[in-house]
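The values are calculated or read from the model by the stated rules, or taken from the named source; none is laboratory data. Just so it is clear, the structure is predicted and the values come from calculations on it, not from any experiment. A quick note on method: Cβ atoms are made from the backbone with ideal geometry, for glycine too, and the neighbour counts reach across all protein chains shown.
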Amino acid sequence: MQIKAIKFRTDGFYTQPFVFGGEEGQDKFDHNIRYRGSLQNYLIDTGKDVILVDTGLPAGFPEEVPNEESVAFIGYSCGDYIDNLQKLGYKPEQVTKVLLTHRHADHSGELKSFPNAQIFVNAHELGAAELEGIGNLVPVSYTDGAYYNFPEAQKIQDGIWFVRAEGHTRGNSIIIVEDGNLFYMIHGDITYCDEALYADKLSVVYDDIKAARETQNRIREFIRKHPTVYLSTHSPQGPENLEAKRVMDLDNPVPTRFADVDFSKKETSGKYVCSICGYLYDPAEHDGVAFEDLPDDWKCPRCKRGKDKFTPAK
């Protein structure tokens, strides 16, 4: 069995209030502390099946142009998701299954490119706008009982488990892959950087804060009892952990390397991207109304978060 990272954004960042401030409030943390960010999803090659965990941003999704006020920046493009899947040696038609951790656009953006695959998704996510028009969805109801300390799970096949882990969204799941004596936890957005799990902090991105706390408690308990390689979507720590087969030790954090941020790029298009769910605000689709002219209490149409969570785009 092989697990590979499909990378498509690099050199991004997440501010400390964004990744730590879910429970205590963003004002308790330092906006000038920025952790390294990136964007990648994962592929599991069993030798028989090619399984994707999430499917990247849609092709052509614009880059953001961060500034000093940006709370998060997913990073600069290093190629579209499908192109980078093919650079790893895989064609879309080879994919037999897609395991969707949750609905957000940076995880579900290319689902349409895999019409022949079974797309497994928490049944609670089926009505999401991001999944409209996708006909090959397989609702997951977690019929196989508990997986260790997680109360609800579904076995996809030997060594691959789809685990209910709600909170970030109400249909959030994690994927755990067993390989030898290691457990690979592909967790979507439980945390945006490993530092948050070491510090036991929740991000500001959640649908249900109580469920998010319960999920993080279970993840930390699992990691303490099982040798776990923690694979993030939004941090280069994910691919680094994968390459090194680095087992997470909650009592001995890997030293932090802070983001090297460049704010010199200023050219923008008038479009804005939601850092929470990936929604793209295009004035052309809103009667020409500039983002800056929207009311201060305007909310993202998808995740209902405020204007401060949006970043300008090229």
inquiry  = If I filter the stretch 221-241 for residues that are among the aromatic types (Phe, Trp, Tyr), within 23 Å of residue 127 (Cβ to Cβ) and surrounded by 15 or more Cβ atoms within 10 Å (Cβ to Cβ), do I get at least one hit?
reply    = no
key: Among the candidates 157, 118, residue that is assigned by TED's automatic domain parsing to the domain that holds residue 178, within 18 Å of residue 173 (Cα to Cα) and touching a residue at least 60 places away in the same chain (Cβ under 8 Å)   = 157
Restricting the stretch 1-59 to residues that are under 30 Å from residue 158 (Cβ atoms), touching a helix residue (DSSP H, G or I) at 6+ places or on another chain (Cβ under 8 Å) and of a type in the set (Gly, Ala, Ser), the residue that is modelled with the highest pLDDT = 5
query = From the list 45, 54, which one is assigned by TED's automatic domain parsing to the domain that holds residue 176, surrounded by 20 or more Cβ atoms within 10 Å (Cβ to Cβ), closer than 21 Å to residue 176 by Cβ and not β-branched (Val, Ile, Thr)?
reply = 54
Strands (runs of 3 or more DSSP E) within the stretch 141-257 that include 3 or more residues at negative phi and more than 19 Å from the chain's Cα centre (by Cα) = 153-157
note = Going through the stretch 127-140 in order, the residues found to be farther than 28 Å from residue 223 by Cβ and either outside any loop (DSSP other than H, G, I, E, B) or in contact (Cβ under 8 Å) with a residue 40 or more places away in the chain (or both) are 128, 129, 130, 131, 137, 138, 139
